[in-house]
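The values are calculated or read from the model by the stated rules, or taken from the named source; none is laboratory data. All of these numbers come straight from a predicted model, not from anything done at the bench. Counting neighbours? That spans all protein chains shown, and the Cβs are built from the backbone with ideal geometry, glycine included. Note: areas computed on protein heavy atoms with side chains; ligands, DNA, RNA excluded. Shrake-Rupley method; radii C 1.70, N 1.55, O 1.52, S 1.80 Å.
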Amino acid sequence: MKDETRVVVVGCGPAGLMAATVLSQAGLSVDIFDTKASAGCKFLVAGRGGLNLTHAEHAEPFAARYGNNAEIFSKLLADFSPDDLRAWLRGLGVETFIGTSGRVFPKDATAHNILKIWLETLAKRGVAFHYRHRWQGFTQTGAPLFLTETGETLEFPAKALLLALGGASWPQTGSDGSWTSFLAAKGVLLEPFRPANCGVEVAWSEHFRTRFSGKPLKNLLLCCGDRQAIGDVVITAHGLEGGPVYALSAVIRDLLEQTRPAPLLLDLKRDITLERLQEKLEHPRGKESLANFLRKAIHLTGPAYSLLHEICTPEDLKNPTILAGRIKNLPVSIINTRPLAEAISSAGGVTFPEVDANLMLHKMPGVFVAGEMLDWEAPTGGYLLQGAFSTGYQAAQGLLKWLGHTPSPQPLSPDS
Ligand SMILES: Cc1cc2nc3c(=O)[nH]c(=O)nc-3n(C[C@H](O)[C@H](O)[C@H](O)COP(=O)(O)OP(=O)(O)OC[C@H]3O[C@@H](n4cnc5c(N)ncnc54)[C@H](O)[C@@H]3O)c2cc1C
């Protein structure tokens, strides 16, 4: 029998939609709101670069990806694990596969297909979608308040409220972080939003910027402090972008915030030892240009050579020992991270001490929070979406318990 208790979810991203999935499966009447004209805008953006849904890593290293929040995520991931996510997707008709790096992707479906099936399933269960409704805080009686597209305010009393409003990167997808003032007004402690998984800025010379923007630097080892990352990097007009840069961006950001220099060391030839490199560079090069000599001797690409030229002094380039050292350890001075709006994700938001184990706000009983609006960060690799799904699941289960309902069974099935 359908329970007529009305609950409100705000935010049609992965966290909010997962929460609506759990709540509707338990038989509750769910109204879900979003400020945008359609659901899952950021999820669709994530799909453009190959939708990396989660990762096949074991539980312990997986939870460690959430840094200071590893312990909290270890519990969240145990309750809704990467395997649970894959089983649920299978129930929706979406098979997944594990790529060579351990990253999990949909086999045949696009983000668009997945979202379409998901929304249809929720609509069939009676979930009511209210688009173009911007959450604006609470009425005096605690009911959620929305601004409609016609400029009217709508009060929508509910037994419980689940907020999944996202972080503050890519504001064009709807998650613009403007909700913070409404929770701050209720005394909820928030950390300011900061860019995570973002590019970095370098003060390139005009010559280097104009000639090499968009050029790749292949198979590098990047180091900052005690952190390392391997992969391909792209030179941009502003600095550097790419997987290994994103992986180190939190460390770089934290150093810059402490007004400490954030030296990034690049190993341009990680497949050759320093000793071997020195030997190769000590061969006489005759009349050959240094660029040609390095291309033939160690397969150094044009952009990598030009980067050496950009950073090293003429004396460095003349001395084979110093040059070998620079190739293995090229210091690039980072002046800033790219702005929050461009970052893949954000750090900051509602701090974990503000919520209980069910992700309910201590200061607002009956109000639950999930997804990137909570103050956690993780690298790319499927950890962000898994974090959104697991917190959405947990907050919804918490809401069910709070209303005295039996938690939803696992794995979630689209038909139950
Ligand atoms: C370019 C890019 C690529 C990415 N690729 C991947 C990837 O491959 N794998 C991965 O794991 N992660 C990826 N991510 C990150 C992932 O998309 C996010 O972590 C995830 O979408 C967060 O889910 P969420 O539900 O918490 O928030 P969101 O998806 O941001 O959803 C929040 C929703 O709340 C709505 N909202 C906000 N404020 C209000 C308001 N006041 N009133 C009403 N509605 C509001 C928004 O419109 C939005 O629909 C990528 C992100 C970007 C930008």
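Segment 142-258 holds helices (runs of 4 or more DSSP H) entirely within its bounds, and those carrying 2 or more residues that are more than 25 Å from the chain's Cα centre (by Cα) and of a type in the set (D, E, K, R) map to 206-212. The residues of segment 46-61 include none that are β-branched (V, I, T) and over 13 Å from V104 (Cα atoms).
Provide a single number: the residues in segment 170-183 that are in contact with a Leu (Cβ under 6 Å, 6 or more places away or on another chain) and either farther than 22 Å from P365 by Cα or surrounded by fewer than 21 Cβ atoms within 10 Å (Cβ to Cβ) (or both).
1
Taking the conditions exactly as written (on the phi < 0 side of the Ramachandran plot and open to solvent by less than 20 Å² (accessible area, probe 1.4 Å)), does L290 satisfy them or not? If you could, list the steps in order and put the result at the bottom.
On the way: on the phi < 0 side of the Ramachandran plot: yes; open to solvent by less than 20 Å² (accessible area, probe 1.4 Å): no.
No, not satisfied.
Taken as a whole, the condition of being open to solvent by 10 Å² or more (accessible area, probe 1.4 Å), in the same structural domain as F80 (by TED's automatic domain parsing) and at pLDDT 95 or above applies to M360.
For segment 127-141, a tally of residues being open to solvent by less than 70 Å² (accessible area, probe 1.4 Å), more than 15 Å from D31 (Cα to Cα) and assigned to a loop (DSSP other than H, G, I, E, B) returns 1.
Please go through segment 145-196 and give me each residue that is of a type in the set (V, I, T), touching a residue at least 60 places away in the same chain (Cβ under 8 Å) and within 12 Å of the ligand (Cβ to nearest atom), ordered by number. Matches in segment 145-196: T173, T180. Here E377 fits the description: within 13 Å of the ligand (Cβ to nearest atom) and not in a helix (DSSP H, G or I).
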